[in-house]
Amino acid sequence: MTTLQKKNCPVNATAYTYIIGRIRAMERGLLNNRLLENALKAEDLEQAIRVLSELPYINEVIQNAAKNPSGLDQALTEHFWDTLKEILKDQAVAPIGIFFQMIYDFNDLKLIIKRHLTKSPNDTEYPASFDWKRALRFVSGEKNEYLDDVYRKAIDAALAGYENVHNAQVIENLMDRAFLMEVKALADNCESRVIKNWLIAYFMFAYLRSALRAKFQQTKIDLFRSIYWENPYIRFEDLAEIVTGADEKVIETIIHHGFRELLPHDVEYKNDPRFLSEMEKNMDNYLMKFLRPYRIQAFGPEPVFGFLFAKFTDVRNLRIILHGKYFQISENEIKSKLRECYYE
Amino acid sequence: MFIDGVAFALLGSALAIGLAGIGSAKGVGIAGEAGAGIMTEDPSKFGQVLLLQALPGTQGIYGLLSGFWVLLKLGLFGGTPVAVTSAQGLQILFACLPIAIVGLISGISQGKTSAACIGLIAKRPEETGKAIILPAMVETYAVLSLLATILLLNSIQL
């Protein structure tokens, strides 16, 4: 296998019994609507943290963190990473849990490449499955540094792409392309039909999101093409129609391609960030709804994957609330950005 | 002829003890895995988890009981073996099958139900009573098969 996924997840559903037992206990620490509502009503950041301290890990995670956006971000990211690492220790889960690890790894690689190109100091490191210093050295040209083959190829492709066009966007695109290729490989090898379909939905949403962003940023179609590679799920022509088509045709195109459910109900289409962020929220909520019915399963990988996505979403929601309270954004404005919880 | 009959009867006894034992071992193992998972996060659940983990262990006991019943019937404990024809031996073998087969399947099923209910306890400790009832329902069929085996064994005249 040339992907990061070294083996398939076990078909035997009882292989997940131990980890499901663990996550059943950990699920008590997930966010719920009541807690979110209470945190939203908090008057400031300190009060929001006090409300959220009902979650068993909040005090431990936030206590020593700097009470500013980057400090909170780092603390929450590290908390998710620690949880992920703990769960990935279970050999049965590792093949599917790697999806969440890849999200961090590829984001970190983008940052490392950008730091290398802008010659910025490597002052902050974020959680990753690889050693940051090694990755930095590899990016700087020390090709004998150990890095997984998938990452080596992605970095080489991104640097070569940058050499050609000298546009930082191409790095984003090529790294996203490499990530999405991995997601597809993961879906192709996944024995669980539920997780496989979820990964395909994620894959398609990622392309739709990129197309809408490209339209908003008025990215040239040739540059946008760098994110795409031939796959059976979404055609480049369809994405190009969104990127280059007329504004009034966008909704029509989205509906035509079967994404009606993702359209925001109360937001008129405008080529602006609000529409895009509403669409992104709906995509995340769709993915959450997709996994929610399987949380009650006693066996199989689905509840584990569902829990990891729930935790991932929780971290995002906590970040939205805490940032919102820090910048004193109105309750309604924060609420409009929050994603649905795993447990209502 | 004497040896053949005893051999069939002993095979029945071995199947009752062995298959029901395998069912219990698997069931207790499955429930134990779930229990270990929960106790990794919350060791205070040990008491409730142990109770649920022990439930699938009963099939093994029923199998052992049936197996010993056969040995008693054969007089092997007393040192004076009873003469058993092939037909009688086969009758004993068939009489042992209910607990052997049902013990194997119900042990595994009960283990799975127990594991699921251990998950229930992790999320809702106040529902321990209900969590015990659900796997106990599976027990019904193990008890019925034990009853069937005992009645069948008792009906065989040696």
- [ ] Could you check how much of the accessible area of the range B:1-100 is carbon and sulfur, as a whole percent, using a 1.4 Å probe?
- [x] 77 percent
TODO: Would you mind working out the accessible area per residue for the range A:18-133, using a 1.4 Å probe, and quoting it in Å²?
DONE: 43 Å²
- [ ] Would you mind computing, in nm to one decimal, how far apart the modelled labels at A:Lys289 and B:Ala54 are, each placed 7 Å from Cα along Cα→Cβ?
- [x] 4.7 nm
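Restricting to DSSP H runs of at least four residues, report the calculated mean residue ellipticity at 222 nm for chain B, -39500 (n - 2.57) per run over all residues, nearest 500 deg cm²/dmol.
-29500 deg cm²/dmol
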Task: Percent accessible area from carbon and sulfur atoms, the range A:1-133, protein chains only, probe 1.4 Å - done: 48 percent
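May I ask for the accessible area buried between chains A and B, both sides summed, probe 1.4 Å, to the nearest 100 Å²?
The A and B chains share an interface burying roughly 1200 Å².
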Open item on the list: Using the crude model of +1 on Lys and Arg Cβ and -1 on Asp and Glu Cβ, and no other charge, please compute the dipole size for the range A:67-126 relative to its Cα centre, in debye to 20.
Closed with: 280 debye
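Below 8 Å, C-alpha to C-alpha, sequence gap of six or more: please give me the relative contact order for the range A:219-344 in percent.
Relative contact order of the range A:219-344: 17 percent.
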Task: Residues in the range A:16-48 that, when all protein chains are in place, have 10 Å² or more less accessible area than the chain alone would give (probe 1.4 Å) - done: A:Thr17, A:Tyr18, A:Gly21, A:Arg22, A:Arg24, A:Ala25, A:Met26, A:Glu27, A:Arg28
Task: Kyte-Doolittle at least 1.6, axis length at least 27 Å by Cα - qualifying DSSP helices, chain B - done: none
Open item on the list: Just to be sure I understand the model, the point goes 7 Å from the Cα along the line to the Cβ. What's the resulting A:Arg209 to A:Glu54 distance in nm?
Closed with: 2.9 nm
TODO: Check each of the trypsin sites (Lys or Arg not before Pro) in the range A:232-301 and keep only those in coil by DSSP with at most 12 other C-beta atoms within 10 angstrom; list them in order.
DONE: A:Lys270
Open item on the list: Can you give me the accessible area per residue for the range B:6-158, using a 1.4 Å probe, in Å²?
Closed with: 45 Å²
TODO: Please identify which residues in the range A:132-170 have an amide N closer than 20 Å to a label point set 7 Å out from the Cα of A:Lys220, following the Cα→Cβ vector.
DONE: A:158-170
Task: Shielded by partner chains, the range B:78-126 residues - at least 50 Å² of accessible area, 1.4 Å probe, vs chain alone - done: B:Lys123
- [ ] Please give, to one decimal in nm, the separation of the simple spin-label points placed at A:Lys133 and A:Gln47, each 7 Å out from Cα toward the Cβ.
- [x] 4.6 nm
- [ ] Assuming R0 = 25 Å, can you tell me the calculated FRET efficiency for the pair A:Ile296 and A:Asp82, based on Cβ-Cβ distance, to the nearest 0.05?
- [x] 0.40
Open item on the list: Given the options A:Phe224, A:Leu338, A:Tyr18, identify the residue whose Cα lies farthest towards the positive end of the charge dipole of chain A (+1 on Cβ of Lys, Arg; -1 on Cβ of Asp, Glu).
Closed with: A:Tyr18
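In the structure shown, do any of A:Lys67/A:Lys215; A:Lys85/B:Lys123; A:Lys41/A:Lys67 have a Cα-Cα gap over 25 Å, and if so which? Mind showing how you got there, number by number?
Working: A:Lys67/A:Lys215 36 Å; A:Lys85/B:Lys123 22 Å; A:Lys41/A:Lys67 19 Å.
Cα-Cα > 25 Å for A:Lys67/A:Lys215; rest within.
Which value, in debye to the nearest 20, describes the size of the charge dipole of the range A:250-344 about its Cα centre when Lys and Arg Cβ atoms bear +1, Asp and Glu Cβ atoms bear -1, and nothing else is charged?
Charge dipole, the range A:250-344, about its Cα centre: 340 debye, nearest 20.
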TODO: Only Lys, Arg, Asp and Glu count, each charged at its Cβ (+1, +1, -1, -1), so figure out the dipole size of chain A about its Cα centre, rounded to 20 debye.
DONE: 440 debye
- [ ] Report in % the part of the accessible area of the range A:139-292 that belongs to carbon and sulfur, leaving out ligands and nucleic acids; probe 1.4 Å.
- [x] 46 percent
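Just flag the trypsin sites (Lys or Arg not before Pro) in the range A:61-116 sitting in loop per DSSP whose Cβ has no more than 11 other Cβ atoms within 10 Å.
Listed in order of number, the matching sites are A:Lys89.
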Open item on the list: Just want the answer: with Cβ charges of +1 for Lys and Arg and -1 for Asp and Glu, which residue in A:Ala39, A:Ala65, A:Ser129 is farthest toward the dipole's positive end in the range A:1-134?
Closed with: A:Ser129
- [ ] Work from the charge dipole of the range B:60-154 (Cβ charges, +1 for Lys and Arg, -1 for Asp and Glu, about the Cα centre) and give the residue of B:Val138, B:Ser66, B:Thr128 farthest towards its positive end.
- [x] B:Thr128
Task: Förster radius 41 Å - calculated FRET efficiency between A:Lys196 and A:Asn64, Cβ distance, rounded to 0.05 - done: 0.55
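Given the DSSP H assignment, sum -39500 (n - 2.57) over each helix run of at least 4 residues in chain A and divide by its residue total; what's the result at 222 nm in deg cm²/dmol, nearest 500? It would help to have the intermediate numbers written out before the result.
Numbers: 16 runs with 224 residues, N = 344.
Helix-only estimate at 222 nm: -21000 deg cm²/dmol.
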Open item on the list: So, for the range A:191-308, what is the accessible surface per residue at a probe of 1.4 Å, expressed in square angstrom?
Closed with: 49 Å²
- [ ] Please sort by residue number the GluC sites (Glu not before Pro) in the range A:241-305 whose DSSP state is loop and whose Cβ has at most 12 other Cβ atoms within 10 Å.
- [x] A:Glu268
Task: Under 12 Å from A:Lys325, Cα to Cα: aspartates and glutamates that are on another chain or at least 8 residues apart - done: A:Glu43, A:Asp44, A:Glu46, A:Glu333
Open item on the list: For a Förster distance of 30 Å, can you work out the FRET efficiency between the beta-carbons of A:Lys249 and A:Ala168, rounded to the nearest 0.05?
Closed with: 0.55
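The values are calculated or read from the model by the stated rules, or taken from the named source; none is laboratory data. Just so it is clear, the model here is predicted, and its values are computed rather than measured. FYI the Cβ positions are ideal-geometry reconstructions off the backbone, even for glycines, and counts take in every protein chain you see. What goes into the accessible areas is simple: the full protein's heavy atoms, side chains included, and nothing from ligands, DNA or RNA. Shrake-Rupley method; radii C 1.70, N 1.55, O 1.52, S 1.80 Å.
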